[in-house]
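Below is one structure, written out as C-alpha cells; comments come after it.
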Amino acid sequence: MHHFEYRGDELFCEGVALKQIAEAVGTPTYIYSHATLERHYRVFDQALKQSGKPHLICYSVKANSNLAVLRTLIGLGAGVDTVSRGEIARALAVGCDPKKIVFSGVGKRDDEIEFALNSGILALNVESHGELEAIERVAARIGVRAQVALRLNPDVDAETHPYISTGLTKNKFGIPVAQAKEEFRFVRAQKHLDVIGIDCHIGSQLTKTAPFLDAIYRLGDLARALAQDGVQIRTLDIGGGLGIPYKGDGGETPPSPDEYAAAVTLALKAFGDLEVTLICEPGRVIVGNAGVLLTRTLYVKQGEVKNFVIVDAAMNDLIRPAFYDSYHAIWPVEKRPADPIVCDVVGPICETGDFLARDRQLETRPQPGDLLSVMSAGAYGFTMASNYNTRPRPAEVMVRGEEFFVVRKREELAELWCNESVPAFLQNV
C-alpha cells in the first residue's frame, strides 16, 4: 500500500499534488510519503511480534539513506543495518541508538572497524576469517572488546536477480556453514572478540518464503550444535530481502509481512529452546513503494521502428532499469483521454542503456511538458544515483499530510567540481 493516488485526474502524494511540487522544486525530484513509511514500518513490526521472540528491526540504510527517512524510522523504534562508516555516521547524526546498529559488508577497512567500535554499536557482522583477525587487531589496539556476529552463507538459492543474490557459495558473502564451528572456536580463543550471534542474508526482492525457511532451518541446526559446544547464541540476524510488487498488476505476489513473519516463526522451531533476539534488516519493503521519481517530458520522438518519450530523468537518477532490467510503473501526473502509445521512456544521457522503460504501453501519449511519475522508486533510487554526464542529482522531497519539505536540495553545477583542482603546471597551458 502507498499514499500516491489520483484525486479526479490529478496525482497526489498524501494531500499534496505532485504538480505543485514540480512547480516549486523542479524536476527530476524524488518524492517520499511520510505516511507510507510509517505504515510500512508499523505493519512489519506488528507482524514480527507473532514470532514470540524479542525482535529488533534494523532498517537497511543502503536502500534509502536520506536523513529524513532515517529519522522517521528511527523515531518509530528502528535500528539500522549499515555497510560503511558513512552509513553509521548518518544514523548517529539523526539520533540512532548505537546499540541498535549492525555493521555488515565484506570489505571493512581498519578505520571503519575502529569507528564502529568507538561508536559502541551492537555488532559487526563478520564475513571472513581475515575480517575476524582485523577486528581482533583493531580492538586490541584501542583497548575494547568487539561484539561480533558471524554471517554465514547457507548456500540457499533466493531465486532472484543474480546481482542481488547473496546466499550461494559462489557469492562473495558470508562464511561457509561447514567452516562455522572452526571460526567460532577461533573467536573464543581471542581476547578482544565476543561472539553474540549468527547472521545471514540470502538476497533481495525475494518473492517466496521457502528460501527464508531453508536458510533459518540451517542456522537453527548450527545453533543447536554450537550450544552443545558451549557457544551461546544471543542474536539471530536473518537479514532482509522481502520483495515488493513493482508492476501492481498481480504479476508479482511477494509474501506479505504477515506471511513472512509466519514463515520465520515456523522456521524458528529449529532453534528449539534456545533464547535468541531476532534481528531483521528490511529495506525495500519499507521504502520501495514509499517513493516516486517525478520527471518532465522533453520530447516525443517517432523513430523508424520505435517511439521514444524523452524525459529529463536519466539512468544517473534511477539506474535500476538499466542495471537490473527492472520494471517501474509510469503514471501520468495529470490524466487525459486515452491515447495509447508503445514506447521507450528514455533520458538525455549519451548511452543506449539510458532508459526508464522499454516497449512500454502508456495509456496516454505524453506531450512535451507533461509530468510523469516513476513509481516504486523509494528504494535504491537516489542512493545509487550519480553525477554521470556532469548532471546534478535530483532533489528529494518528503510529504507529510498537506505539507511538503525539501529534504535534499538539488545540487548546483559548481558543487559538482568544488573538490577538484587544476595544478599549477596546467594553469598556463
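Across the stretch 262-287, the residues whose backbone nitrogen lies under 17 Å from the label position 7 Å along the beta-carbon direction of D97 are 277-281. Averaging the sequence gap over all C-alpha pairs within less than 8 Å and six or more residues apart, then dividing by the number of residues, gives the stretch 65-282 a relative contact order of 15 percent.
In debye, nearest 20: dipole of the stretch 65-282 around its Cα centre with unit charges on the Cβ of K, R (+) and D, E (-)?
On the way: 23 positive and 29 negative charges, 102 e Å.
Computed charge dipole of the stretch 65-282: roughly 500 debye.
Overall, the chain carries a charge dipole of about 620 debye about its Cα centre when +1 sits on the Cβ of Lys and Arg and -1 on the Cβ of Asp and Glu, all other atoms neutral. Restrict the search to the stretch 342-429; then list the trypsin sites (Lys or Arg not before Pro) that DSSP places in a loop and that have at most 14 other Cβ atoms within 10 Å of their Cβ. Those that pass, being in a loop and sparsely packed, are K409. The stretch 365-429 and the stretch 258-306 have Cα centres spaced 24 Å apart.
Remind me, relative contact order of the chain in percent, using alpha carbon pairs under 8 angstrom and six or more residues apart? The value is 20 percent.
Looking at the stretch 1-44, none of the trypsin sites (Lys or Arg not before Pro) sits in a DSSP loop with at most 14 other Cβ atoms within 10 Å of its own Cβ.
The HN-Hα couplings worked out from phi for the stretch 287-293 by the Karplus form 6.51 cos²θ - 1.76 cosθ + 1.60 (θ = phi - 60°) are 10, x, 8, 8, x, 9, 10 Hz, whole numbers, x standing for Gly and Pro.
Fewest to most neighbouring Cβ within 10 Å: what's the order for D110, D81?
Working: D110 12, D81 31.
Ranking D110, D81 by Cβ neighbours within 10 Å, fewest first, gives D110, D81.
For trypsin sites (Lys or Arg not before Pro), the sites in the stretch 218-300 that DSSP calls loop and that have at most 15 other Cβ atoms within 10 Å are K247. Ordering D194, D214 by the number of other Cβ atoms within 10 Å of each residue's own Cβ, fewest first, gives D194, D214. Here the convex hull built on the C-alpha positions of the chain has a volume of 167 cubic angstrom per residue. Each of M1, M398, M384 was scored by other Cβ atoms within 10 Å of its Cβ. Arranged with the fewest first, they read M1, M384, M398. In the elastic network of the chain, a GNM with C-alpha springs shorter than 10 Å, the most mobile of L362, L37, L124 is L362.
Just so you know, all these numbers are worked out from the coordinates, no wet-lab data involved. Since this is a predicted model, take the numbers as computed values, not measurements. When we count neighbours, we look across all protein chains shown, and the Cβ atoms used for this are built from the backbone with ideal geometry, even at glycine.
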